[in-house]
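Working notes for the structure below.
The values are calculated or read from the model by the stated rules, or taken from the named source; none is laboratory data. Source: prediction; values computed, not measured. Cβ coordinates were reconstructed from backbone atoms using ideal geometry, including for glycine residues, and neighbour counts include every protein chain displayed.
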């Protein structure tokens, strides 16, 4: 198996597998659950990767732990800083608590207060900063420049991406005959790690991203061929509310993601949800109920992916 590094900051299938091995010391693998309801709707066998049983109830802990584990001991002692609307902040706070190091999380003033309190309970210092994620990010970076703490990016970091990609390692271990994987997109760290690993290990697997219509920075960037920043983000899915992908996640998506579909989750009400991005001729539309922090897996129910009389072989 060739190791791809050019343009991906050294992220390879081996680095993703190493992250999966290291994370096993702290996090048990999450289950891949067969869904009868989604299978009936999608007319194909559907399995869901259940990341909601993680200690912070989201996959973000994988990337944060991987980053902190890979820091030099002296770097860890200086602590970590991040900016987050909630889930990533909890992941960094959890990782810092596991290694008994200080953590500071800059959050926008509009952040979900339940998530903010969860960050505090994990022992991190919370600093409200600005009206949105970008304001919090800029303030966190100013703090980093003043001190020696390490900034843990929410998605555009090789170690964070490798950690999120560990989901794909578990996925192939549990279900060999995958043909399509559907992954939500915020900043692109999750789909970047998953897509790189799957495409290098199983090139025929189709990787499809799902974005909210009010936060479709990745789709617009892929269409434009360059990173495009949204003027406004409008979605109730705060974990997917990135205004633009990162440089690294954009390059990974260009190389490995087959298609991006949009679904409405706007605060202001519903909207058209039929837009897609695909570098190749459009494929038949995939059914998608909502965007969540789980990877969705479609396996062949029949050669034509139409409903059949047989029962699923996995439960």
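Which ones in the range 98-113 are at pLDDT 95 or above and either assigned to a helix (DSSP H, G or I) or assigned by TED's automatic domain parsing to the domain that holds residue 186 (or both)?
98, 99
How many residues are in contact with a strand residue (DSSP E or B) (Cβ under 7 Å, 6 or more places away or on another chain), over 19 Å from residue 101 (Cα atoms) and surrounded by fewer than 18 Cβ atoms within 10 Å (Cβ to Cβ) when one looks only at the range 113-138?
Result for the range 113-138: 1.
Return the residues of the range 67-79 that are closer than 17 Å to residue 163 by Cα and in contact with a helix residue (DSSP H, G or I) (Cβ under 8 Å, 6 or more places away or on another chain); say none if nothing qualifies.
Answer for the range 67-79, where residues must be closer than 17 Å to residue 163 by Cα and in contact with a helix residue (DSSP H, G or I) (Cβ under 8 Å, 6 or more places away or on another chain): 67, 68, 69, 70.
Tell me which strands (runs of 3 or more DSSP E) are completely within the range 21-97 and hold 2 or more residues being under 14 Å from residue 153 (Cα atoms), at pLDDT 95 or above and more than 16 Å from the chain's Cα centre (by Cα), or say none if there are none.
Per the criteria, 80-83.
Looking at residue 192, is it assigned by TED's automatic domain parsing to the domain that holds residue 253 and at positive phi?
Answer is no for this residue.
Just give me the residues in the range 144-163 being farther than 19 Å from residue 186 by Cβ and touching a strand residue (DSSP E or B) at 6+ places or on another chain (Cβ under 6 Å), in sequence order.
144, 149, 150
Out of the range 10-57, which residues are under 26 Å from residue 89 (Cβ atoms), in contact with a strand residue (DSSP E or B) (Cβ under 6 Å, 6 or more places away or on another chain) and surrounded by fewer than 18 Cβ atoms within 10 Å (Cβ to Cβ)?
Answer for the range 10-57, where residues must be under 26 Å from residue 89 (Cβ atoms), in contact with a strand residue (DSSP E or B) (Cβ under 6 Å, 6 or more places away or on another chain) and surrounded by fewer than 18 Cβ atoms within 10 Å (Cβ to Cβ): just 50.
Which of the residues belonging to the range 171-204 are surrounded by fewer than 20 Cβ atoms within 10 Å (Cβ to Cβ) and either out of contact with any strand residue (DSSP E or B) (no Cβ under 9 Å at 6 or more places or on another chain) or under 21 Å from residue 18 (Cβ atoms) (or both)?
Once the filter is applied, which keeps residues that are surrounded by fewer than 20 Cβ atoms within 10 Å (Cβ to Cβ) and either out of contact with any strand residue (DSSP E or B) (no Cβ under 9 Å at 6 or more places or on another chain) or under 21 Å from residue 18 (Cβ atoms) (or both), the range 171-204 yields 172, 173, 174, 176, 200, 201, 202, 203.
Checking residue 144 against (1) more than 30 Å from residue 231 (Cα to Cα); (2) more than 20 Å from the chain's Cα centre (by Cα), which test does it fail?
It is condition (1) that residue 144 fails.
Need the failing condition index for residue 163 against (1) assigned by TED's automatic domain parsing to the domain that holds residue 203; (2) farther than 19 Å from residue 55 by Cβ, just the number.
(2)
For the range 238-249, enumerate the residues that are surrounded by fewer than 21 Cβ atoms within 10 Å (Cβ to Cβ) and within 17 Å of residue 107 (Cα to Cα).
238, 243
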